[in-house]
Amino acid sequence: METQFSHTPVLLSECIDALRIREDLTYVDCTTGGGGHSFEIARRLGQNGRLICLDRDPTALQAAKIKLHDYLDRVTFVHTNFSDIGEILEREHVTNLGGVLADLGCSSHQFDTPERGFSYMHNAPLDMRMDTDNGLTAYDVVNTYDENELKRILFEYGEEKFSARIAAAIVRERSTSPIETTEELATIIKNAIPASARIGGPHPAKRSFQAIRIEVNRELDAIAPALKAAVRHMIPGGRIAVISFHSLEDRIVKNVFANMMQGCTCPRDFPVCVCGKKPLIFLPNKKPILPTETELTENPRSRSAKLRVAEKL
């Protein structure tokens, strides 16, 4: 049986401040989770305001509906990947999009529900799917990907310097029998890493589990299309706020924002602009917003969070 859905929203007040919510506009929470951020958005909306809550995890949406029960007259829930935000906005005929929030982290509930297979701290079947309708599981990645592909995923998505050793160990172990549980996988990873590298620092399996989870859910693929579609549909003065939790996500967000800030791309020796490109956004905060010491104490999982904010011109 699953535990009750719980997730402490990260950088909550900073996100709400950044969005500058107007009570008569439409807002989108791309990654609703348990509804912590959504609740604070919804309660600031008036009768004509609207919130669209997206999430890949149907369990999250069910929990959010309960949390937002006082505001259901102004909230629409959609079970979807946030990469589909453009299609959702068009389908819902949204013409007054004032802000978009995307929290790119996994929810505490997903990590703390053993049977979901996200955590190396609980023994469970290898799953890691945010959307349980998704066909690909962690079991498939671990037991069917070839050694080179496993090495690439561990290195690129987990920034694991021992990716080659871990990939070889996985292939060697699965040749005898399939690797079926998180405990089996964590043990294989731990034993593949030199003993000297296992002293101190995070759990030896942390980076590899992150990498496999990203591959299962194609997490990085959704970010750029979603940000571009959100800005395209937003009214001037609307804001987009994105929380990332590791360098791969943050780099994508930073690069997409930088590209949308760029104006003319014509060679400098051109007498006039022929590309017609104009900046779409500006950054009200030049550097990412980080959690306060108080939040870090109360919610240690916020430690790696970074909030980047952009405003539509």
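Quick one: count up the residues across region 291-306 that are part of a loop (DSSP other than H, G, I, E, B), without any contact (Cβ under 8 Å) to a residue 40 or more places away in the chain and out of contact with any Asp or Glu (no Cβ under 9 Å at 6 or more places or on another chain).
Qualifying residue count for the region: 1.
Output the residues belonging to region 229-288 that are over 28 Å from residue 11 (Cα atoms) and of a type in the set (A, V, I, L, M, F, W, C).
264, 266, 270, 272, 273, 274, 275
Hey, any hits in region 262-281 for a residue that's out of contact with any His (no Cβ under 8 Å at 6 or more places or on another chain), under 30 Å from residue 207 (Cβ atoms) and open to solvent by less than 40 Å² (accessible area, probe 1.4 Å)?
no
Within region 241-252, does at least one residue satisfy the condition of being free of Cβ contacts under 8 Å to residues at least 12 places away in the same chain and surrounded by fewer than 19 Cβ atoms within 10 Å (Cβ to Cβ)? Lay out the reasoning, then the answer.
To start, the set of residues in region 241-252 that are free of Cβ contacts under 8 Å to residues at least 12 places away in the same chain comprises 251.
Of the ones still in play, those that are also surrounded by fewer than 19 Cβ atoms within 10 Å (Cβ to Cβ) are 251.
For region 241-252, residues free of Cβ contacts under 8 Å to residues at least 12 places away in the same chain and surrounded by fewer than 19 Cβ atoms within 10 Å (Cβ to Cβ): present.
Looking only at region 49-80, which residues are part of a loop (DSSP other than H, G, I, E, B) and modelled with pLDDT under 95?
56, 57
Give me the pairs: first residue in region 80-91 and more than 12 Å from residue 52 (Cβ to Cβ), second residue among the hydroxyl-bearing types (Ser, Thr, Tyr) and part of a helix (DSSP H, G or I), beta-carbon distance under 7 Å, and six or more apart or on different chains, which are they?
Close Cβ pairs (under 7 Å, with a partner that is among the hydroxyl-bearing types (Ser, Thr, Tyr) and part of a helix (DSSP H, G or I)) do not exist here.
Could you tell me whether any residue of region 192-204 is open to solvent by less than 70 Å² (accessible area, probe 1.4 Å), in contact with a Lys or Arg (Cβ under 9 Å, 6 or more places away or on another chain), closer than 30 Å to residue 82 by Cβ and in contact (Cβ under 8 Å) with a residue 40 or more places away in the chain?
Checking region 192-204: at least one residue is open to solvent by less than 70 Å² (accessible area, probe 1.4 Å), in contact with a Lys or Arg (Cβ under 9 Å, 6 or more places away or on another chain), closer than 30 Å to residue 82 by Cβ and in contact (Cβ under 8 Å) with a residue 40 or more places away in the chain.
For residue 309, indicate whether it is modelled with pLDDT under 95, aliphatic (A, V, I, L, M) and not in a helix (DSSP H, G or I). Lay out the reasoning, then the answer.
Numbers: modelled with pLDDT under 95: no; aliphatic (A, V, I, L, M): yes; not in a helix (DSSP H, G or I): yes.
Here the answer is no, as residue 309 does not meet what is asked.
Does residue 276 qualify as being in contact (Cβ under 8 Å) with a residue 60 or more places away in the chain and either at positive phi or part of a loop (DSSP other than H, G, I, E, B) (or both)?
On the way: in contact (Cβ under 8 Å) with a residue 60 or more places away in the chain: no; either at positive phi or part of a loop (DSSP other than H, G, I, E, B) (or both): yes.
For residue 276, the condition - in contact (Cβ under 8 Å) with a residue 60 or more places away in the chain and either at positive phi or part of a loop (DSSP other than H, G, I, E, B) (or both) - is not met.
Could you list, in sequence order, all residues of region 50-76 that are touching a residue at least 40 places away in the same chain (Cβ under 8 Å), under 13 Å from residue 30 (Cβ atoms) and not aliphatic (A, V, I, L, M)?
Matches in region 50-76: 56, 57.
The values are calculated or read from the model by the stated rules, or taken from the named source; none is laboratory data. Note that the coordinates shown come from a computational prediction; the quantities given were computed from them, not determined experimentally. Glycine gets a Cβ as well: all are built from the backbone with ideal geometry, and neighbour counts include every protein chain shown. Note: accessible area is taken over every heavy atom of the protein model, side chains too, but ligands, DNA and RNA are not part of it. Shrake-Rupley method; radii C 1.70, N 1.55, O 1.52, S 1.80 Å.
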